[in-house]
Amino acid sequence: MKKITSIDLFAGVGGMRISLIRAARKLGLNDECKLYSEIDEHCKKTYEKNFPNTKLIKDIKSIKKKEINERISNHDILLAGFPCQPFSKAGVSNRKFLKRAHGFDDKDQGDLFFNIYEILKVKKPRAFILENVQNLQSYSNGKVLDEMLKKLRKYYYVPDPKILDAQDFGLAQRRRRIYIVGFLEYHEKFIYPEPTLKKVQVKDFLDRTVDKKYVISDKLWISHQNRRRRNRKNGKGFGFKLTDPSEKCTRTISSRYYKDGSECLIFRGENRNPRKLTPREVFRLQGFPESFKFPVSDLQAYKQAGNAVPINVVEKVCFEVLKYLIKSDKFWLGKVS
Ligand SMILES: C[S@@+](CC[C@H](N)C(=O)[O-])C[C@H]1O[C@@H](n2cnc3c(N)ncnc32)[C@H](O)[C@@H]1O
């Protein structure tokens, strides 16, 4: 195996692709992404700026079962960080509040797993890597995850999924995500990557100079503090989080960070309003390289960075998956007993 081919589903801005490329390079492999799927025009703009000329399928749901073979290219690895809102704590409570369906019953975003499954069934790539929120594990008492695994295990060797946290892999962000990998050929137990436990601090990810537009207004700062008081009184959590640059990690930065920055306001000293992270800092906290371009508004950039995968973690998962495939080649060629 000299070249690894992939498809990048629910690609966002290509976090999984960057991770796979990095892992492949470390193993001396070339890579080719055969296509990506993404419905959001702003993500598409960022993706194309960083990965020009990749074939695009906008809405994965537009591909009917009988068209899969023809419209989806053959590939070795399927990557999919599929939408998490139907399963995330915040997404579920928001949907309940709006009396909207969640989980698999959300016919817009919650059933996209089945589109992945149909592609796996027809195209049979050698491996897949799926990523979602940690809450997928406990959502509906684990029944949804069980159903996913039952389906995937019809065709694939799927070890038990693993929750990995970005802060254990050299990123100063707490971001616990579930990873599900699978292989067409079994030859030995797959082991998920061990944490690197590299010691970092939030300040390692911050810009040296920051435009004053990121300092929050008096009005927003007062509203954050008032909400915290109300929340405390009602026993409803803490509201905003003031983060000192010397701390070892921020809270999880979500795609709603642009709204008020409540997950992480950078402390600038007593009697000074804190500031929001810049979009570049959020991308950095997700492990994106400095060369990564995002030709979109701040609002869109925050959404894209908050929706992305933590590259350092996914790179390690990809590395282990590629190693498993390489070993599998040798196994099937009879070189490993
Ligand atoms: C959690 S984000 C993935 C982020 C990506 N892994 C990254 O690192 O940037 C899920 C993405 O799926 C896209 N999406 C949602 N429904 C889709 C559909 N039906 N077809 C294609 N993409 C879709 C969303 O626009 C969103 O960008």
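Kindly indicate whether residue 331 is more than 14 Å from the ligand (Cβ to nearest atom) and more than 18 Å from residue 9 (Cα to Cα). Can you show your working first?
Details: more than 14 Å from the ligand (Cβ to nearest atom): yes; more than 18 Å from residue 9 (Cα to Cα): yes.
When the stated conditions are applied, residue 331 passes them.
Suppose the filter is more than 18 Å from residue 131 (Cβ to Cβ), within 11 Å of the ligand (Cβ to nearest atom) and either modelled with pLDDT of 95 or more or not in a helix (DSSP H, G or I) (or both); does residue 288 pass it? No: the conditions fail for residue 288. If you go through segment 102-135 and keep only what is within 12 Å of the ligand (Cβ to nearest atom) and either part of a strand (DSSP E or B) or over 21 Å from residue 39 (Cβ atoms) (or both), you end up with 129, 130, 131, 132, 133.
Test residue 209 against the stated conditions and say whether it is surrounded by fewer than 18 Cβ atoms within 10 Å (Cβ to Cβ), farther than 30 Å from residue 120 by Cα and at pLDDT 95 or above. Against the criterion (surrounded by fewer than 18 Cβ atoms within 10 Å (Cβ to Cβ), farther than 30 Å from residue 120 by Cα and at pLDDT 95 or above), residue 209 qualifies.
Is it fair to say residue 231 is assigned to a helix (DSSP H, G or I) and free of Cβ contacts under 8 Å to residues at least 12 places away in the same chain? Can you show your working first?
Numbers: assigned to a helix (DSSP H, G or I): yes; free of Cβ contacts under 8 Å to residues at least 12 places away in the same chain: yes.
Taking the combined requirement at face value, the residue satisfies it.
Which condition number does residue 84 fail, the rest of (1) in a loop (DSSP other than H, G, I, E, B); (2) more than 14 Å from residue 144 (Cα to Cα); (3) within 14 Å of the ligand (Cβ to nearest atom) being met? Failing condition for residue 84: (2). Checking segment 255-274 against the condition returns a match, with at least one residue being at pLDDT below 95, within 12 Å of the ligand (Cβ to nearest atom) and out of contact with any strand residue (DSSP E or B) (no Cβ under 7 Å at 6 or more places or on another chain).
If only residues of segment 22-64 that are near the ligand (Cβ under 9 Å from one of its atoms) and in a loop (DSSP other than H, G, I, E, B) are counted, the one that is nearest to residue 300 (Cα to Cα) is 40.
For residues that are of a type in the set (Val, Ile, Thr) and in a loop (DSSP other than H, G, I, E, B), tally how many sit in segment 7-21.
We begin by selecting, within segment 7-21, every residue of a type in the set (Val, Ile, Thr); these are 7, 13, 18, 21.
Those still in the list that are in a loop (DSSP other than H, G, I, E, B) too: 13.
Total meeting the criteria: 1.
For residue 77, the criteria (1) within 13 Å of the ligand (Cβ to nearest atom); (2) among the hydrophobic types (A, V, I, L, M, F, W, C); (3) in contact with a Cys (Cβ under 9 Å, 6 or more places away or on another chain) hold in every case but one, which is (1).
For segment 125-156, the set of residues classified as hydroxyl-bearing (Ser, Thr, Tyr) and surrounded by fewer than 19 Cβ atoms within 10 Å (Cβ to Cβ) consists of 138, 140, 155, listed by residue number.
Report yes if residue 141 is farther than 20 Å from residue 309 by Cβ, more than 16 Å from the ligand (Cβ to nearest atom) and not hydroxyl-bearing (Ser, Thr, Tyr), otherwise no. Spell out the reasoning first.
Working: farther than 20 Å from residue 309 by Cβ: yes; more than 16 Å from the ligand (Cβ to nearest atom): yes; not hydroxyl-bearing (Ser, Thr, Tyr): yes.
Yes; evaluated as a whole, the condition is true for this residue.
Within segment 8-49, if we keep just the residues that are small (Gly, Ala, Ser) and over 19 Å from residue 306 (Cβ atoms), the residue that is surrounded by the fewest Cβ atoms within 10 Å (Cβ to Cβ) turns out to be 28. Evaluated against (1) away from the ligand (no atom under 15 Å from the Cβ); (2) in a loop (DSSP other than H, G, I, E, B); (3) touching an Asp or Glu at 6+ places or on another chain (Cβ under 7 Å), residue 4 falls short on exactly one condition, (2).
The values are calculated or read from the model by the stated rules, or taken from the named source; none is laboratory data. Predicted, not measured: the structure shown is a model, and the values here were computed from it. Reconstructed Cβ throughout: ideal geometry from the backbone, glycine too, with neighbour counts over all protein chains shown.
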